[in-house]
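Notes for the one structure printed next.
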Amino acid sequence: MGRRERPTPPGLSLVTLALSLLVPASGMEITVPAVVYALNGTDIRLPCNFNSCYKMDTKQFSMNWTYRGCDNCTEEMFIQYDKKIISQRLERFQNRVEFTGNPSKNDLTVTIHNVQLQDEGEYHCYVLNPPDRHKGTGKIRLEVLTEVPPERDSTVAVLVGASVGGFLALVILLLVILKCVRKKKMLNLNSEDQKTEEEVKTDGEGNPEGELKVCEQ
């Protein structure tokens, strides 16, 4: 059965990836490309990076990658992190999937070797980094091509893509900093409110409210 080709100009794909880098998530920021194009039979990286206000604790941190072939298909987990990287040997991937990231550097990238046409689909990167309460999610659509798109002059597109990517990276960093500062302010306010309530419960000389003070004659 024939397969319809979907060649994408390299410059355009760079711009598309740059514009889709920032994926909002509650509790943390997950950075993934919305679409990744791979040539059949080659190796391809599926990048996933996270930013959190809290340092990674290997005893509490958790992550997993899942694959879904269609909208109505069930997600299949093929890699997870539970104090260490654990690979689930799915029959569809055999031994072609490798974890190539570094969790301590917020990098959760996976690599698919010898990409096949049946590898097309959605790949989800789930991240939980306590004390962040919400799980971050990144979704990547993998498109597999059977031939290389024709070469085009993509100098301008590459420059635009690089500029947009750099700007979005700066925006992500600023968002993380602002969120961390906001959390610290909230903690300080809560601490001051608690201290004020305790002072109200005692009089000026440290006597608990409601107790009678006995004065010496």
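The values are calculated or read from the model by the stated rules, or taken from the named source; none is laboratory data. Treat the numbers as computed from the prediction; the structure is a model and nothing was measured. SASA here: full protein model, heavy atoms, side chains in, ligands and nucleic acids out. Shrake-Rupley method; radii C 1.70, N 1.55, O 1.52, S 1.80 Å.
What to note about this one:
- Links that overshoot a 24 Å alpha carbon limit, given the list K84/K179; K83/K184; K59/K135: K84/K179; K83/K184
- Ranked order, V181, V35 - accessible area, probe 1.4 Å, largest first: V181, V35
- Counting 0.36 nm for each residue step from R89 to R68 and taking away their Cα separation leaves a gain of 6.0 nm.
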